[in-house]
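Structure, as structure tokens:
The values are calculated or read from the model by the stated rules, or taken from the named source; none is laboratory data. Just so you know, these numbers come straight off a predicted model, no measurement behind them. Because the Cβ atoms are built from the backbone with ideal geometry, glycine has one as well, and the counts that use them run over all protein chains shown.
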Amino acid sequence: MYSQPISVDGLHLLVIDDDADTRKILTILFEMEGAEILAVGSVNEALEVLSYFKPDILISDIYLSDELGYSPLTKIRNLVAAQGKWIPAIALTGFASEIERAYAYVVGFQMHICKPISLDDLVSAVASLAGCKQLV
């Protein structure tokens, strides 16, 4: 699948996206890559699962049905910080303007990826944020 394989084996990923098909595709993709993934459809669900699921990376759509995806990043980071951890985050969005990209970085996302996404690029982005090594 990849020209230069990267392992995300063992990573814990939290995905927030209100599109059921996106959640399903990302779940299948990352499970095939060896990651443990929990995909939820709302910010409220994400906040609930953080009581028992400890993600290494957050992947979040920006425009969600229950809340604008920029503000939940702060809520999630505050909750995770109370557990003594920090979580890097990737913004997924259909909005590709430079203003959207810049704002995503200003509010604290480490990466901004536009939909439709390249699955290879998303796996590489997750691996990069997590400091995963390239397979030889």
Fill in: Filter result for the condition that a residue is under 23 Å from residue 121 (Cα atoms), touching a Phe, Trp or Tyr at 6+ places or on another chain (Cβ under 9 Å) and in contact (Cβ under 8 Å) with a residue 60 or more places away in the chain, over 8, 15, 107
8
Worksheet entry | Selection from region 79-104 of residues that are part of a loop (DSSP other than H, G, I, E, B) and either more than 18 Å from residue 123 (Cα to Cα) or more than 11 Å from the chain's Cα centre (by Cα) (or both) | 83, 84, 85, 86, 94, 95, 96, 97
Worksheet entry | Near pairs, Cβ below 9 angstrom, 6+ apart or cross-chain, from region 62-79 (closer than 19 Å to residue 113 by Cβ) to any residue that is at pLDDT below 85 and assigned to a strand (DSSP E or B) | 62/68; 69/63
Discussion item. Is it the case, given these coordinates, that residue 125 is closer than 16 Å to residue 13 by Cβ, surrounded by 15 or more Cβ atoms within 10 Å (Cβ to Cβ) and not acidic (Asp, Glu)?
Written reply: yes
Worksheet item: Among 37, 25, 76, which is the only one that is part of a strand (DSSP E or B) and at negative phi?
Response: 37
Fill in: Residues (within 21 Å of residue 114 (Cβ to Cβ) and small (Gly, Ala, Ser)) located in region 80-92
89, 91
